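Okay, so here's the structure we're looking at.
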Amino acid sequence: MSVTVRPTVITGNWKMYKTISEAVSFIEGLIPFASKTHAEVGLAVPFTILPSAAKAAQNSLIKVGAQNLNAEKEGAFTGEISGRMLTDAGASFVIVGHSERRRLFHETDAMINKKLKGALHAGLRTIVCIGETLEEHQQGKVQTVLQKQIEQSFEGITEEQLKNVILAYEPVWAIGTNQTATPEIAQKAHRFCREVMARKWGEIPAEKVVIQYGGSVKADNAASLLEQADVDGLLVGGASLSLDSFSKIIRL
Ligand code: PGA
């Protein structure tokens, strides 16, 4: 079997937090830590912050991205933001399919699939989030849910496009709850996701996909998660809002 060395990608998801000035001072503080870690560091910021955050991060290793986009290139869609607008504002990546968007904004796998295609078309590296709810977890439906989410949200995505995609396994019951998945649970789910991808695109392309874990990642549990063979990175919500905790996580 070939041994694939995948990069470690640690991304902060700021959700609907921070103003421009708060973001800029955070990034200035993070730059020295980002230059010392072997991990690729990204921050998914609110739309309004993108240009200033991209400017603050421009001579550093920190990547700036967005948390959502509209799948269309342009059009009469009041209040929406396209992939092209995101790259224009300085984003190099975007998150799609976060469970908060699925749950609160009724996004389906079909919609996420369109967003993924729109994002890749605009040249954005795309983090696709999947994960089961507590109920599905308790009913033993984890693999069924993950398989369906991968199959439907990646419909029509080519092996070439897959190179610009990161998968994030975020069990819904672990997000913002302080109930982190154990490293064993995360590893088992990540391995399963890789097998599903291998069936779709072949073993070698699947081995190259970075799979992040997300859900109550903190400085004190990040290392044990990253030690797992198929946990290649972290998607960090709450703990990415404080420079102290996020800098500790990226130093691991
Ligand atoms: P959390 O959020 O780290 O606060 O649990 C993770 C996420 O929503 O991506």
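Observations on the structure shown:
- Cα extents for the range 99-252 along the principal axes, largest to smallest and rounded to whole angstrom: 40, 34, 30.
- From phi via Karplus (6.51, -1.76, 1.60), per-residue ³J(HN,Hα) for the range 142-147 in Hz, x at Gly/Pro: 3, 5, 4, 5, 4, 4
- Inter-part distance, the range 44-101 to the range 192-252, computed on C-alpha centroids, equals 21 Å.
- Proximity of backbone amide H atoms, modeled 1.01 Å from N, is registered between Val210 and Leu167 at under 5 Å, excluding neighbours fewer than 5 places apart on the same chain.
- Once backbone amide H atoms are built at 1.01 Å from N, Glu170 has Ile130, Gly131, Gly214 as its partners under 5 Å, excluding neighbours fewer than 5 places away on the same chain.
- Length-normalised contact order of the range 1-122 in % [C-alpha pairs under 8 Å, at least 6 apart]: 22 percent
- Amide hydrogen proximity for Val96: with H placed 1.01 Å from N in the peptide plane, the residues at 5 or more positions away or on another chain lying under 5 Å are Ile127, Val128, Cys129.
- Here the Debye sum runs over all C-alpha atoms of the range 1-144 as equal scatterers in vacuum, and log10 of I(q)/I(0) at q = 0.09, 0.12, 0.15 Å⁻¹ comes out as -0.32, -0.56, -0.83.
- Normalised contact order of the chain, rounded percent, pairs of Cα under 8 Å and 6 or more residues apart: 21 percent
- In order along the range 148-163, the phi-based Karplus estimate (6.51 cos²θ - 1.76 cosθ + 1.60, θ = phi - 60°) of 3J(HN,Hα) comes to 5, 5, 5, 4, 7, 7, 9, 3, x, 7, 8, 4, 5, 5, 4, 4 Hz; Gly and Pro are listed as x.
- Selection among Leu86, Thr19, Pro32 by position relative to the dipole of the range 1-90 gives Pro32 as farthest towards the positive end (Cβ unit charges, Cα centre).
- Relative contact order of the range 169-211, defined on C-alpha pairs under 8 angstrom at six or more residues apart (%): 30 percent
- Scalar couplings 3J(HN,Hα) for the range 71-84, obtained by applying the Karplus form with A = 6.51, B = -1.76, C = 1.60 to θ = phi - 60°, are 5, 7, 6, 6, x, 7, 10, 3, x, 9, 10, 8, x, 4 Hz; x denotes Gly and Pro.
All of the numbers you see were taken from the coordinates with simple rules; none came from a lab. Being a predicted model, the structure only gives us computed values, none of them experimental. Glycine gets a Cβ as well: all are built from the backbone with ideal geometry, and neighbour counts include every protein chain shown.
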